[in-house]
Structure formats: structure tokens, C-alpha cells
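Heads up, the thing below is written out as C-alpha cells.
Readers should treat all values here as calculations from the given coordinates under stated rules, not as data from a laboratory. All of these numbers come straight from a predicted model, not from anything done at the bench. Cβ coordinates were reconstructed from backbone atoms using ideal geometry, including for glycine residues, and neighbour counts include every protein chain displayed.
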Amino acid sequence: MKKGRFLLRWGAIVALLVTFSLTGIEAMGVVKQPVASGEQRADIIMIDTLKTFGKLEEAPVAFLHDQHTDALKKQGKDCTACHETEKDRLSTKFKRLKDVDMGTVKETYHANCIGCHKEMKSQGQETGPTDVSCRSCHSREVKASSNWKAISMNKSLHYRHIASDAIPKGSEEANCASCHHKFDEQSKKLIPAPGEEGACSYCHKEEATKDVQDIRSASHTSCVSCHVDVAAQKADSGPVTCQGCHSADMQAKVKVVKDVPRLKRNQPDAVLLTVADAKTLATDSKGLMKPVAFDHKAHEAFNDNCQACHHDAIASCATECHTVAGDKKGGFVKLEQAMHKPDSQRSCIGCHNERKAAKDCAGCHALIPEGRTSDQSCSSCHAEDAKLDGTAQIKSMSKEDKAAMATAMIEARKPAGIFKISEIPEKVLISDLVDTYEPAEFPHRKIVETMYAKVAKSELASAFHTSKGTFCQGCHHNSPASENPPRCASCHGKNFDATSNARPGLKAAFHQQCIGCHTAMELEKPAATACADCHKERK
């Protein structure tokens, strides 16, 4: 039980480390960028603790944490040689639990560091500086450069922690409470939070507050302490060194579970996302945008952790941070912006754009101007169910009713496919402009079949290609989706048209479309400069 309480207390560890900024030992800045040529290490910690008391009198000390860990290990010593414990947890501070004042902290370092070095020297061991020269340690020159890399608590790593028998489950079915907790105002204690688990960084921010540790201290205190404790049980444990977690080489060696079961957190399968808060729905729901049936379960499978969408809190986006009008908590980013911002990976469209940049999709999508929307693109998500009697009806629906409606709307979605392949022209002779070269013979059906075979594998494309003509619009753009779209020459004249939104001339349009597609899909042939590969030279 003691062990269980121990693990429970330092909770909020492993859940979603996402952006650890390695501290290792208290208020030190990790060198995240190379600072000098030479050896690369993941354990360079700049000791600048005294800056919390004012301007530094000397340069920070570049401390190689793993080097010291190895040296102590050879002497039969462990983390407690430098780090004290409090309530069964290792402190990240060096040889103390609190920073009393500048003089005490300074003396703690000088007495213990130099004292240890002298002791090792007296035993004939290789060690660090033993003199009293400040520059021996306080040098601005760092001989090694940092290759420190943040580690992510991805889906695989998270599952390995859930499945670990070495982490006690207590009275719960799973061992979630060993890491996840919340602060109970009534008892003034940290308590388990079954069904409310979230990322550590939801509470533990970059900067510590009076009552909450910063994310660096919380994660290192908890993760390293747990790994040490599990290792003591002779069980499969995680790293306890800087390099073990924060070097790219070691991260590449981390065991990956390919088929990770779905997380059990009582999360919904489907959500009916409304575009207004409860108050607005109750008072003035006329004219609101239609709701979105969001396939939460499917999106879980596509993303590595909850923070891909719930980046700052597990609550609904519109509840507190990204309200319809915007709120200070969300940086005044309105709900519409949070969902649609094209250059943010946190928004729906931003995330989709990133996936559309994959070469199988980029042939069409790289050529579509950013920000161009249409009635069809809006209705791809904002589609109202036929049984829904207007947006006003939503305000009287229960949470369960909304979920049921969202599920029904999602299940009703069917991939549109493309037009019957036998009716798609096998070849198209492009002869609108010929002079030096013969007309280009375009293998239309072959290209359609090849490209659609790639697109058909994409659930994202299947969801958004809502008509049989949507796929065709990759080339036949700016005209209604049709089985018989108009010729390119219908819009593109012989010459460039500066009066029509810089519309290219016909020759440029053909080359821009074809070569642009080949480039985006990383096709080697035909090369953009190999004219005769498409046009036979006229003799």
C-alpha cells in the first residue's frame, strides 16, 4: 500500500508528457540548441539557479548530468547521492528541498560539488575541478553541443504504461490513478480522477505556481522516481538518464505497440458539435450554422494523443476557451477560428490541410488556392439531419439524444466514389495550342484510375469527396462537378488575363496543372523539362 500511495502521490506523470523541457535538476535551462561544435549530448544542463535571487555574478555552469550519474553508479551510489527525498519522492533540487536564500544555495553547490570532487581525487579517481577558481566551472564555453529532443507520451508508450503489471492498480480496474490525479478542494489533497484523466500539462504549466509544480519538475520527479522504483522490483522499467528519454537514438529504440486498444476513459464515440453555447441556443438559435456530427472515435485512431485537439484542457472547445465571441482564456480565438484556422494544426481544417499535403493528395490539393471555400465544403461538415427540425430543436435535446443523432448522421455518410469508369474518356487529345509540337495525348482514364486508387484508401478523402464529381475537380476546377465538365479553353484564353483574377493563359494553365501535379506527387517522369515526353516534336 505504501508503494501504491507513493505512486499515486506523484501522479500526473506519464499520461501525456508531450513537451517535456528537461530540467533534471531544479531551475536550470536545458541547452536546446547547439552551443558549440564537438560532442553531442542530451544531458547538458545549465545550472543558473541563483538567477531566481537576482542577476548572476558568474556564468551558468554547464553540467553533464549523465556523466555524473555514471560516475556515482561506479561508486555504488544512486540518485539519492545528490537528490533528497520528500514523501517518497525524489526532489529535483540538488542536495536540498527548498531554496532558502542565495547564500545557502550557493554554498550547497560549492561545498557538495567540490567536496565530492576532492573525495574522489583522494581515492585516485578521475574527477572534476577541485580548486577554488570560479572559471573552472563557471565558463561560458561549452565543449559539447546539445542534441536534446522532447519525448512524447504517444499512444504506444501510454498503452505500455497502462498495461504494465509493475505499476500498481490499487482498487481500480486500471492503473490510471498511479499517474493521473486532481486536487480535491474539500480534503485539500490529490485524489484519483477516474474518467477525468487528462494531460499533465493541463495543470502543470511551464511556470510553477504557488501550489502546482511546473511541468518540468512534475514530470521528472514523477517519471524518474517511478522508473527507479519499478527497476528496483526487477521489472521492465523506463530510463532514468537524460539520454534515455531525450536522445533521438534512444527514442528510436523504444518498443512500439502497433495495435493499441482504444483508451478507456468514458469518452464519446460521436459528438454533435453545435456552433453556439447553451445560453445562445436557449435564447436566440435562429440563423445559426448547422451542427457538425463529429466522429470522435475515428479521430482518436488518427491522432497520437488527446492533446492533438484538446491542447490546453479536456473540456469542449466552446465551453470556456474558444467561445463563439472569444474569451481571454483562449487568447480571444473564437470558436469559428479554432475550428477553421488553416495554418493551425490544432484546428480541424489545419489538421486536414497537413494530411492533404501528403503526396497522394497533394497532386490536386496543392493547386487549390488556400482559403477558398464553397457551399459544398461547408456542408461536408455542417450537414443537418433530415429528422432535425431546425437548429432550434437542439436546445431541447439531451446529451444522449445529441450523441445518438450524431451517430446516425455519421453512419449515414457513404463514400461518393467516382463516375462509372467505362464512361470516363480513355484518352484526351489536347490540341488547343500546337505549333512546334504535336498535340499531347493525355491518358485520361489511366490517370483517373491510378489516382483514385490512392484516394479511395483515405478515410478523410472519402468523407470530404461528397459527390462523384468532387474527385474530378482536382483538374476540372472552378466549374460545377459534372460528368461532362467544360473544356479548359472555356475559361482560359490564349493569353494571360490580368483582369480576371490573374487567370493564366491556356498554355500556362495546362503546364501549371500537369507539371504542378507531377511535382506535388513527386513523380520523376515525365520530367518538367522533357517536352517530348508529352508532346511529340512536329516534323
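With a cut-off of 14 Å between beta carbons, the residues surrounding GLN123 carry a summed charge of +2, where Lys and Arg count +1 and Asp and Glu -1. Between the amide H of LYS536 and those of GLU438, distances stay under 5 Å, these residues lying 5 or more places away or on another chain, with hydrogens modeled in the peptide plane. Pairs over the 20 Å Cα-Cα cut-off, from the set LYS182/LYS205; LYS359/LYS427; LYS359/LYS446: LYS359/LYS427. Across segment 154-169, coupling constants 3J(HN,Hα) worked out from phi with the 6.51/-1.76/1.60 Karplus curve, θ = phi - 60°, read 6, 4, 5, 5, 4, 5, 4, 6, 5, 7, 5, 7, 7, 8, x, 8 Hz, and Gly and Pro carry x. In order along segment 472-489, the phi-based Karplus estimate (6.51 cos²θ - 1.76 cosθ + 1.60, θ = phi - 60°) of 3J(HN,Hα) comes to 5, 6, x, 9, 7, 7, 6, 9, x, 4, 8, 6, 10, x, x, 5, 4, 5 Hz; Gly and Pro are listed as x.
Annotation note: GluC sites (Glu not before Pro) in segment 451-539 located in DSSP loop regions with a Cβ neighbour count of at most 11 within 10 Å are GLU522, GLU524.
The aspartates and glutamates within cross-link reach of LYS536, meaning a Cα-to-Cα straight distance under 17 Å and a gap of 8 or more places when in the same chain, are ASP432, ASP435, GLU438, GLU441. Close amide H contacts of ARG41 (hydrogens built in the peptide plane, cut-off under 5 Å, sequence separation of 5 or more or a different chain): SER145, SER146, ASN147. Per-residue packing, averaged as other Cβ atoms within 10 Å, sorts the ranges 38-46, 110-118, 360-368 into the order 38-46, 360-368, 110-118, beginning with the highest. Summed over qualifying helices (DSSP H, 4 residues or more, each -39500 (n - 2.57)) and divided by its residue number, the chain shows a 222 nm mean residue ellipticity of -9000 deg cm²/dmol.
Indicate the gyration tensor shape class of segment 40-146 (rounded, prolate or oblate), computed on the Cα atoms with a ≥ b ≥ c the square roots of the eigenvalues: a/c under 1.5 is rounded; otherwise a/b larger than b/c is prolate and the rest oblate. Rounded is the answer for segment 40-146, as its axis ratio a/c remains below 1.5. Sparse packing (at most 12 other Cβ atoms within 10 Å of the Cβ) combined with a DSSP loop state is found for the following trypsin sites (Lys or Arg not before Pro) in segment 179-225: LYS188, LYS210. Remark: the chain carries a charge dipole of roughly 360 debye about the Cα centre, counting +1 on each Lys and Arg Cβ and -1 on each Asp and Glu Cβ. Its Cα centre serving as origin, segment 163-300 has a Cβ charge dipole (Lys and Arg +1, Asp and Glu -1) of approximately 140 debye. For the chain, the longest principal axis of the Cα atoms and the long axis of helix 215-232 meet at an angle of about 70 degrees. Taking amide H as placed 1.01 Å from N in the peptide plane, PHE442 has its amide H under 5 Å from the amide H of VAL428, LEU429, ILE430, each at least 5 places away in sequence or on another chain.
Of all aspartates and glutamates in the structure, the ones whose alpha carbon falls short of 18 Å from that of LYS149, not counting any fewer than 8 places away in one chain, are GLU39, ASP43, ASP66, GLU206, ASP249, ASP304.
Using the Cβ-Cβ distance between LEU190 and SER316 with R0 set to 30 Å, the FRET efficiency from 1/(1 + (r/R0)^6) comes to roughly 0.75.
The residues neighbouring PHE496, those whose beta-carbon lies less than 14 Å from its own, together hold a net charge of +2 under the Lys/Arg +1, Asp/Glu -1 convention. Counting only residues at least eight positions apart within a chain, or on another chain, the lysines with an alpha carbon under 25 Å from that of LYS143 are LYS32, LYS51, LYS55, LYS73, LYS74, LYS93, LYS106, LYS118, LYS121. For segment 421-533, the dipole from Cβ point charges (+1 on Lys and Arg, -1 on Asp and Glu) about the Cα centre works out to 220 debye, to the nearest 20.
Applying the Karplus relation 6.51 cos²θ - 1.76 cosθ + 1.60 with θ = phi - 60° to segment 260-271 yields 3J(HN,Hα) values of 8, x, 5, 5, 9, 9, 6, 6, x, 7, 9, 9 Hz, where x marks Gly and Pro. Counting only alpha carbon atoms, the long axis of helix 102-122 and the longest principal axis of the chain meet at about 80°.
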